[in-house]
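Have a look at the structure below before the remarks.
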Amino acid sequence: MRVLIVYESLYGTNRTIARAVAAGLGGAAATIVEAYVAPSTIDADVDLVVVGGPNHKAGLPRPSTRAEAAAESGGTLHTAERGLREWFGDLRFARRGQPAAVWDTRMGSPRILDLFDRSAAVIAGRLRHAGARLVDKPRKFYSADGKGALVAGDEERARAWGAELAGLIRRG
Ligand SMILES: Cc1cc2nc3c(=O)[nH]c(=O)nc-3n(C[C@H](O)[C@H](O)[C@H](O)COP(=O)(O)O)c2cc1C
């Protein structure tokens, strides 16, 4: 089974989720790649594409919010100009109906903001538009501090989800 995991991450939270999902997939050969260098064509022999990233101002990061995140952390930013949002502009699936699954990360508090955060829904829509078939409902994972730490249990939840996805794909 060939799996491609594409993520965007400013503080590392989504990288942790991507690695946990890959670990959960077990024997599948998973390639993990950041969105700014992800391939724009998904090869026909990829059995599953899993895509995730953060909520910035209730949606996918933009160049301005990436720069904000980098300024706050004092960390390095590969590029403010390219991430999931821009990747979707070029993305196509070589085979129509290729299986895909999505997640996002968010703060989850105050509770009301959770209702507005829509990155996972946007990712799902963009993947469908590019020709993918969603095999599972979008998953939400929760940042503990907005800066890289997950709430307790969410890394394990991501690993368990990876195992579920492997089962779904094997059963076809
Ligand atoms: C500019 C900016 C805007 C953000 N806006 C939101 C938001 O609207 N809702 C939310 O839940 N989290 C928001 N956050 C927190 C991010 O969701 C959190 O930093 C992210 O999930 C961590 O993922 P990462 O470490 O992979 O970048 C924001 C963070 C930044 C830097």
Single match in ARG62, ARG95 (criterion: farther than 30 Å from ILE112 by Cα and in contact with a strand residue (DSSP E or B) (Cβ under 9 Å, 6 or more places away or on another chain)): ARG95
Filter the range 131-147 for residues that are in a loop (DSSP other than H, G, I, E, B) and on the phi < 0 side of the Ramachandran plot; the one that is surrounded by the most Cβ atoms within 10 Å (Cβ to Cβ) is PRO138
Subset of the range 1-36, residues among the hydrophobic types (A, V, I, L, M, F, W, C), away from the ligand (no atom under 16 Å from the Cβ) and either buried (at least 22 other Cβ atoms within 10 Å of the Cβ) or more than 12 Å from the chain's Cα centre (by Cα) (or both), comes to MET1, VAL3, ALA23, LEU25, ALA28, ALA29, ALA30
The range 44-57, residues that are over 15 Å from ARG15 (Cα atoms) and near the ligand (Cβ under 8 Å from one of its atoms): HIS56, LYS57
May I ask you to say which residue of ALA120, ALA94, ALA67 is within 18 Å of the chain's Cα centre (by Cα) and of a type in the set (Gly, Ala, Ser)? ALA120
Give the range 58-115 a look and list any residue that's of a type in the set (Phe, Trp, Tyr), more than 14 Å from the ligand (Cβ to nearest atom) and closer than 26 Å to GLU164 by Cα, or say none. PHE88, PHE93
Every listed condition ((1) surrounded by 21 or more Cβ atoms within 10 Å (Cβ to Cβ); (2) within 16 Å of the ligand (Cβ to nearest atom); (3) aliphatic (A, V, I, L, M); (4) part of a helix (DSSP H, G or I)) holds for ALA166 save (2)
Among the residues in the range 135-150, are any under 18 Å from VAL46 (Cα atoms) and either within 16 Å of the ligand (Cβ to nearest atom) or among the β-branched types (Val, Ile, Thr) (or both)? yes
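A short reminder: the numbers here are calculations on the coordinates, not readings from a lab. From a predicted model like this one, the values you see are computed outputs, not experimental measurements. For neighbour counting, all protein chains shown are included, and Cβ atoms are generated from backbone atoms with ideal geometry for every residue, glycine included.
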